[in-house]
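Below is one structure, written out as structure tokens; the observations come after it.
The values are calculated or read from the model by the stated rules, or taken from the named source; none is laboratory data. Note that the structure is a prediction, hence the values are computed from the model and not measured. Cβ placement follows ideal geometry from the backbone for every residue including glycine, while neighbour counts extend to all protein chains displayed. Remember, those area values only see protein heavy atoms, side chains included, never the ligands or the DNA or RNA. Shrake-Rupley method; radii C 1.70, N 1.55, O 1.52, S 1.80 Å.
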Amino acid sequence: MHIADRLLKTPPYPFAELARLKAEARAEGRDLVDFGIGDPDQPTPDHIVAALCDAARDPITHQYDETGKGLPEFRQAVASWYQSRFGVSLNPDTEVLRLIGAKEGIAHLAWAILNPGDVALIPDPGYPVYKVASMFAGADLHFMPLSEASGYLPDLSAIPADIVRRAKLMYLCYPNMPTGAVAEAEFFRRAIEFAAANDILICLDMAYSELYYDGCRPQSMLQADGARERVIEIHSLSKTYNMTGWRIGFAVGNPEALNALEKLKSNVDSGAFLAIQRAAVAALTGPQDCVEKMRGIYQRRRDILIKGLAGIGWRVPKPKATCYVWAPVPKGYTSAQMAETLLRGAGVLATPGSAYGSCGEGYVRFSLTVQGGNAEARIAEAVKRIKEKVRVNT
Ligand code: MLT
């Protein structure tokens, strides 16, 4: 069988590899505490499931979504949510586009914006899809290192002038996966100024905008002056409403970029199930106390994990947002060695930071979406196992 070079050059998706390791452990009868993929263990709230059931009984939802951009009531719900959450008013006809999950939009955007030889600016560490999609589009990649010292914000002035000249798309992610950092308005202002001066589109991945702690409420880039000409923001209902399997998200912002993405998508997908779009309306316009409750759940898990690890000599900073804990590995391990030792030694599954880029080396990522029973007890169990089986103090 002939397989395309572009695919042969692509590493396996990190979570496909973790799924394989999990299946292997299960087959051997080993118990794993699973801090791997960020996949909420809590169910989708009842009122959203009920809305899906109702909508699925209406045969009109069984047909194609011929709107291109998504159901008008879905786009209106997104616009209303943006207004109440961020104080940003969006035109639902031109500034909102429905996606089949954030991942799909992030990937297809690269095809819509980049020509071969253009440069994509990509945060490192970062969601692997930014890199792979840009590579598939034939673009050259320029990685923007994110470090703890700089608050996990890229240094835009460090990007070489010849790269800036060819750059057409910059991916950013705040709240940041995998580091849990948030960006302030001042960084957003500088990034927009940079993008405007250099004719670059910014794609801000906001999949984690609602998972924040300690009152640190993330803002939208679209609140800044000039953002609408330069920015699209991508959201997912996956993490906000525990809807990963439903595959529904949206892009908002610059109409020209959204038109290009819509045109690309109309050639490769046929929209999202209409019943899911109606359920998404229920999610966005319905009671939001489920989101508050979920933040409380992750915050408690975060604190149990960080306190537990500190108690055994592994000091890890508290993330301000996201469902991830970005843990510097103790001296003497690489990321991969630490992940391997946690897995084989302690039956604890975490993602090696190096899966998110070379600047992720030296870290492992724990997802707080712990599967399989009482998550707080499972976290305590993981800390106990790490204490017994893994050298963590430096
Ligand atoms: C993650 O764990 O980073 C995400 O859930 C994976 C994904 O969205 O593909």
Where does the Debye-calculated log10 I(q)/I(0) of the range 45-181 sit at q = 0.18, 0.19, 0.20 Å⁻¹, using only Cα point scatterers of equal weight, no solvent? -1.13, -1.17, -1.21
Is the shape of the range 1-47 rounded, prolate or oblate, going by the alpha carbon gyration tensor and its root eigenvalues a ≥ b ≥ c, with a/c under 1.5 for rounded and a/b larger than b/c for prolate? oblate
Would you please give the residues with an amide H less than 5 Å from that of Val364, counting only those at least 5 places away or on a separate chain, with H modeled from the backbone geometry? Ala327, Val329, Gly353
For the range 165-232, what is one quarter of the convex hull surface built on the Cα atoms, given in nm²? 4.6
With θ taken as phi - 60° and the coefficients 6.51, -1.76 and 1.60, list the Karplus ³J(HN,Hα) couplings across the range 142-148 in order, rounded to whole Hz; mark glycine and proline as x. 10, 8, 9, x, 10, 10, 4
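Above 22 Å lies some portion of the pair distances; for the range 234-341, what is it as a whole percent of all C-alpha pairs?
Details: 3190 of 5778 pairs.
That fraction is 55 percent.
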Along principal axes, Cα extents of the chain, largest first, whole Å: 57, 55, 53
So the carbon and sulfur contribution to the accessible area of the chain, 1.4 Å probe, in percent, is 53
Farthest toward positive dipole pole in the chain [+1 Lys/Arg, -1 Asp/Glu at C-beta], among Ser238, Leu32, Ile113: Leu32
Tally the DSSP beta bridges in the chain and give the antiparallel ones as a percent, rounded to 5. 45
Accessible surface, 1.4 Å probe, highest first, among residues Ser84, Ser147: Ser84, Ser147
Computed FRET efficiency, Cβ-Cβ of Asn259 and Ala336, R0 45 Å: what is it to the nearest 0.05? 0.60
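Counting heavy atoms of the protein chains only and a 1.4 Å probe, report the per residue accessible area for the chain as a whole number of Å².
Value returned for the chain: 42 Å² of accessible area per residue.
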Ranked highest first by average number of other Cβ atoms within 10 Å, how do 379-388, 321-330 line up? 321-330, 379-388
Using only helices, what value at 222 nm comes out for the chain when you add -39,500 (n - 2.57) per DSSP H run of length 4 or more and divide by the total residues, to the nearest 500 deg cm²/dmol? -12500 deg cm²/dmol
Give me, ordered by chain and number, the residues 5 or more places off Leu99 or on other chains with an amide H under 5 Å from its own placed amide H. Gly249, Phe250, Ala251
Using a 1.4 Å probe and counting only protein heavy atoms, arrange Lys320, Lys168 so the residue with the most accessible area comes first. Lys320, Lys168
Pairwise centroid distance, computed over Cα atoms, of the range 22-84 with the range 332-359, Å: 30
Starting from the residue with the highest accessible area, list Phe35, Phe143 in decreasing order, probe 1.4 Å. Phe143, Phe35
Give the whole-number value, in cubic angstrom per residue, of the convex hull volume spanned by the C-alpha atoms of the range 291-394. 96
What Kirkwood radius, in Å to one decimal, follows from the Cα pairs of the range 138-294? 17.2
Give me the Å³ per residue figure for the convex hull around the C-alpha atoms of the range 1-120. 256
Lysines with Cα under 16 Å of Lys318, excluding same-chain neighbours fewer than 8 positions away: Lys307
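Mind scanning Lys103/Lys263; Lys239/Lys331; Lys239/Lys265; Lys9/Lys103; Lys293/Lys320; Lys293/Lys331 and naming the pairs with a C-alpha gap bigger than 25 Å?
Pairs exceeding the cut-off: Lys239/Lys331; Lys293/Lys331.
At a threshold of 8 angstrom on Cα-Cα distance, excluding pairs fewer than six apart, so keeping six or more, what relative contact order does the chain reach in percent?
For the chain, the relative contact order is 24 percent.
Relative contact order for the range 253-335: what percent, with Cα pairs under 8 Å and sequence separation of 6 or more?
Details: 24 pairs, mean separation 11.0, N = 83.
RCO, the range 253-335: 13 percent.
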